[in-house]
1. I'd like the residue in the stretch 143-164 that is touching a Phe, Trp or Tyr at 6+ places or on another chain (Cβ under 9 Å) and open to solvent by less than 20 Å² (accessible area, probe 1.4 Å) and, out of all such residues, is nearest to residue 191 (Cα to Cα).
2. Tally time: how many residues in the stretch 175-200 are within 21 Å of residue 49 (Cα to Cα) and not hydroxyl-bearing (Ser, Thr, Tyr)?
3. Using the structure shown, decide if residue 115 is of a type outside the set (D, E, K, R) and within 23 Å of residue 164 (Cα to Cα).
4. Sort out which residues of the stretch 118-142 are part of a strand (DSSP E or B), open to solvent by less than 10 Å² (accessible area, probe 1.4 Å) and in contact (Cβ under 8 Å) with a residue 40 or more places away in the chain, and write them in order of number.
5. Identify all residues within the stretch 165-194 that are closer than 23 Å to residue 24 by Cα, open to solvent by less than 60 Å² (accessible area, probe 1.4 Å) and of a type in the set (A, V, I, L, M, F, W, C); write none if there are none.
6. Quick one: in the stretch 86-115, of everything that is hydroxyl-bearing (Ser, Thr, Tyr) and either open to solvent by 80 Å² or more (accessible area, probe 1.4 Å) or touching a residue at least 24 places away in the same chain (Cβ under 8 Å) (or both), which residue is farthest from residue 159 (Cα to Cα)?
7. Look at the stretch 1-32 and say how many of its residues are within 11 Å of residue 46 (Cβ to Cβ) and under 10 Å from the mean Cα position of the chain (by Cα).
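The values are calculated or read from the model by the stated rules, or taken from the named source; none is laboratory data. Predicted model only: the values in this text are computed from it and were never measured. Reconstructed Cβ throughout: ideal geometry from the backbone, glycine too, with neighbour counts over all protein chains shown. Ligands, DNA and RNA are excluded from the accessible area calculation, which covers all protein heavy atoms including side chains. Shrake-Rupley method; radii C 1.70, N 1.55, O 1.52, S 1.80 Å.
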Amino acid sequence: VVGVMGTNCYAVTDDTKEAIIIDPGNEPDRLIQAIGSKELTLKYIVLTHCHFDHIMAVNELKDHFGASLCYSPDDLVLASDPAANLSSRYGNAPYVLPEPDIALTEGKTLSFGNTVLHIISTPGHTDGSICLINEEERTIFCGDTVFRGCIGRYDFPYGDYSKLMKSVEKLSALDGNYKLLPGHDVSTTLDEERQNSIYF
């Protein structure tokens, strides 16, 4: 958990020690030390979306490890505009990102080590919000699209309630149960949200 907004930053690896990091929202020195202490080879820096609290260690990690930056091109305006990504309002300083080395779009996969993550587009919190699905582990990294008992905010620039609800329907329609790892707070499951959330 990093930064003033308590963002869940995930390092994902397997027995090959090749790894990715998802949503490095802040505290770059701490993240660099953690990755180094586990002797991981960082291949990708992956963003579920480009709000400030999910991106503010990206440039430092990219410079240190040389990893490829991956996010949706639909969030380019957020990546390049501190007002749109909210860093000029809430961050320590205005923050911008380079264009992605790998554009994450619907149906694309990211492979590292023996692991494959499938990308699905889930706009609404931002235009470029995505989720990453690990079918083998039945796990979804869902960013700020879904939380336990709730959904992401849609009142920031480029948020859209109707798009977000369609994204929730898309997740709900997936076959079977998955563990949901959100961008903030505790994990949940797709079955739990289907049964208990008024948004599903």
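1. So the residue we want is 146.
2. The qualifying residues number 9.
3. Against the criterion (of a type outside the set (D, E, K, R) and within 23 Å of residue 164 (Cα to Cα)), residue 115 does not qualify.
4. 130, 131, 132, 133, 140, 142
5. 180, 181
6. The selected residue is 115.
7. Looking only at that region, the number is 6.
Table: residues versus (1) touching a residue at least 24 places away in the same chain (Cβ under 8 Å); (2) open to solvent by 20 Å² or more (accessible area, probe 1.4 Å); (3) part of a loop (DSSP other than H, G, I, E, B).
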position: 5; (1), (2), (3): yes, yes, yes
position: 11; (1), (2), (3): yes, yes, no
position: 19; (1), (2), (3): yes, no, no
position: 26; (1), (2), (3): yes, yes, yes
position: 34; (1), (2), (3): no, yes, no
position: 39; (1), (2), (3): no, yes, yes
position: 43; (1), (2), (3): yes, yes, no
position: 49; (1), (2), (3): yes, no, yes
